[in-house]
Amino acid sequence: MPRFEFAVGNPSTFREVGVVQSESFDDALEAITEQITVRDGDTLEIGVRGFPPARYQCVWPKLNGVPSWRPTGLRAA
């Protein structure tokens, strides 16, 4: 089972840093969202050892109030 290393916070300071084991990347994102208090605009860096982390920004949909993650910091091809 993959071990995903993550850090959550704002771009200058991370509040939470840890590891989550999960069957899939989507399950890892869900576990982090359920276990850690996230705020609109928070940054999540998540990845597996040996590869650069993916970066996401927390967004709050107005309809259901459940936070979700949007990719951020993508470079143009």
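Name the residue, out of Pro11, Pro53, Pro67, whose mean-square fluctuation peaks in a Gaussian network model built on the chain with Cα pairs under 10 Å.
Highest fluctuation among the options: Pro11.
Calculate the dipole size of the chain relative to its Cα centre from +1 charges on Lys and Arg beta carbons and -1 charges on Asp and Glu beta carbons; express the result in debye to the nearest 20.
Using Cβ point charges on Lys, Arg, Asp and Glu, the chain gives about 320 debye.
Which residue fluctuates the most in the chain, going by a Gaussian network model with Cα springs under 10 Å, if the choices are Val66, Val17, Val38?
Between Val66, Val17, Val38, it is Val66 that shows the largest mean-square fluctuation.
So for the chain, averaging the separation of alpha carbon pairs under 8 Å that are six or more residues apart and normalising by length, what relative contact order in percent results?
25 percent
Quick one, which of (i) 3, 15, 21, 16, 12, 10, 11, 8, 3, 0, 0; (ii) 3, 16, 27, 27, 17, 8, 2, 0; (iii) 3, 15, 23, 19, 16, 13, 7, 3, 1, 0 is the actual P(r) over Cα pairs in 5 Å bins from 0, in percent calculated for this model?
Computing P(r) over Cα pairs in 5 Å bins from 0, in percent and matching it to (i) 3, 15, 21, 16, 12, 10, 11, 8, 3, 0, 0; (ii) 3, 16, 27, 27, 17, 8, 2, 0; (iii) 3, 15, 23, 19, 16, 13, 7, 3, 1, 0 gives (ii).
No lab work stands behind these numbers, since they all come straight from the coordinates. Just so we're clear, the structure is a prediction, and the values are computed from it rather than from any experiment. As a convention, Cβ positions derive from the backbone with ideal geometry for all residues, glycine included, and neighbour counts pool all protein chains shown.
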